[in-house]
Structures are given as C-alpha cells and as structure tokens.
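One structure is given here, and the rest of the page talks about it.
The values are calculated or read from the model by the stated rules, or taken from the named source; none is laboratory data. Remember, it's a predicted structure, so these values are computed and weren't measured experimentally. Note that each Cβ is placed from the backbone with ideal geometry, even for glycine, and that neighbours are counted across all protein chains shown.
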Amino acid sequence: MDRLIVLLLLSICVIPALVSARYFGNPLLVRGRVYCDTCRAGFETDATPGIPGARVRIECKDRETLQLKYSIEGVTDSTGTYNIMVTGDRGDDLCDSVLVSSPESDCAEADPGRDRSRVILTRYNGINSDTRFANAIGFFRNEPMSGCTQLLQKYQETDD
C-alpha cells in the first residue's frame with residue numbers, strides 16, 4: 001500500500017513537471033523578413049529585396065493596459081530574414097514584430113501599413129512547432145527605382 005501511495009505521489013509531481021518543461025522550457029523562434037519597397041508600392045514585388053542588417057524588435061504588451069511586458073531585439077541576416085528566440089509563453093500578451101531601423105539610408109522610411117506584424121506566441125493554440133512565422137515588414141525607398149511603372153502594371157487589376 002505504501003508503494004502505491006509513493007508511486008501515486010511521484011506521478012502527481014513528475015508528470016506536471018514534464019508537461020510544464022515542454023511548454024515553458026523551450027523558447028519559441030520568431031522568423032520573419034524585412035524588405036525594401038523599391039517602388040513604394042505598399043506591398044512586396046519581384047523587385048523587393050531583403051535588407052541585411054535591419055534591426056527588429058519583438059514587443060509583447062498586456063492586453064488590458066497595453067503596457068510593455070516583454071521586448072527583445074534581433075538583426076536580419078544576408079537575406080533580410082530574422083530569427084529571434086522568445087522565452088516563456090506569451091499567451092496573454094499582444095505580441096508584434098516591429099521595425100526598429102534600416103542600415104540602408106536610401107531605404108529607411110518605415111511603411112506605415114507594413115511596419116509591424118502580429119505574432120501569436122503561445123503553445124496553447126494547437127501549433128506543434130517551436131517556430132512562429134511573422135508576415136514580412138518593410139521600409140520605403142526614398143525615390144522609386146527606374147522601371148517601377150512597368151513592374152507595377154504586372155500587378156494592376158483589370159475590371160472586365
């Protein structure tokens with residue numbers, strides 16, 4: 001009988017510890033891309049390069065007060081992709097991937113509609129992976145590059 005009680009108590013203590021280690025022990029990886037809108041189109045095109053060395057911040061705010069609760073910065077690689085590790089479950093927070101700065105002086109104006117991307121940073125949402133993908137965020141080029149008119153005609157919608 002004593003053995004049964006010991007096993008029962010051990011399982012009550014060990015199983016929750018293992019489960020919480022799975023959900024809280026592994027950091028989540030936020031992956032996204034920073035681009036330069038060379039045509040000032042407001043969206044990505046075939047002529048939209050990634051920006052190496054751009055600074056990005058993950059910000060998590062309280063849902064009620066909108067006070068900043070968590071923040072961590074990262075830098076993009078040679079392709080304009082960032083990978084930022086976020087510790088802890090941020091399920092009760094509103095988290096965004098936010099532009100901080102661009103190393104390119106001719107492409108440093110944040111696109112007001114694409115300067116942040118909402119990211120869900122919890123394990124209680126059915127996603128089995130530790131990687132969370134953020135939508136691409138970008139900067140405007142100071143002056144549109146030559147050839148943008150022809151390029152944008154490719155994306156123009158027609159009303160037939």
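Yes/no matrix, rows are residues, columns are (1) basic (Lys, Arg); (2) in contact with a strand residue (DSSP E or B) (Cβ under 9 Å, 6 or more places away or on another chain):
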| position | (1), (2) |
| --- | --- |
| Asp92 | no, yes |
| Ser101 | no, yes |
| Glu104 | no, yes |
| Cys107 | no, yes |
| Arg118 | yes, yes |
| Leu121 | no, yes |
| Asn125 | no, no |
| Asn135 | no, yes |
| Thr149 | no, no |
Of all residues in the stretch 36-52, how many are without any contact (Cβ under 8 Å) to a residue 60 or more places away in the chain and part of a strand (DSSP E or B)? 1
So the strands (runs of 3 or more DSSP E) completely within the stretch 89-160 holding 1 or more residues that are over 16 Å from the mean Cα position of the chain (by Cα) are 137-140
Which of the residues belonging to the stretch 53-71 are among the aliphatic types (A, V, I, L, M), surrounded by 12 or more Cβ atoms within 10 Å (Cβ to Cβ) and either touching a Lys or Arg at 6+ places or on another chain (Cβ under 9 Å) or in a strand (DSSP E or B) (or both)? Val56, Ile58
Given the criterion surrounded by 11 or more Cβ atoms within 10 Å (Cβ to Cβ), in contact with a Phe, Trp or Tyr (Cβ under 6 Å, 6 or more places away or on another chain) and under 16 Å from Cys36 (Cβ atoms), identify the matching residue among Asp115, Asp111. Asp111
Could you go through the stretch 140-152 and let me know if any residue there is touching a Cys at 6+ places or on another chain (Cβ under 8 Å) and among the small types (Gly, Ala, Ser). no
Only one of (1) surrounded by fewer than 16 Cβ atoms within 10 Å (Cβ to Cβ); (2) within 28 Å of Thr65 (Cβ to Cβ) does not apply to Val86, and that is (1)
Any residue in the stretch 63-77 that is of a type in the set (A, V, I, L, M), out of contact with any Phe, Trp or Tyr (no Cβ under 7 Å at 6 or more places or on another chain), under 19 Å from Leu28 (Cα atoms) and touching a residue at least 24 places away in the same chain (Cβ under 8 Å)? no
Residues in the stretch 26-41 that are modelled with pLDDT under 95 and either loosely packed, with under 10 Cβ neighbours inside 10 Å or in contact with a Phe, Trp or Tyr (Cβ under 7 Å, 6 or more places away or on another chain) (or both) total 1
Those residues of the stretch 44-74 which are β-branched (Val, Ile, Thr), modelled with pLDDT of 95 or more and closer than 16 Å to Cys107 by Cα amount to Ile51, Val56
Positions within the stretch 72-85 being of a type in the set (Ser, Thr, Tyr) and part of a strand (DSSP E or B), in sequence order: Thr81, Tyr82
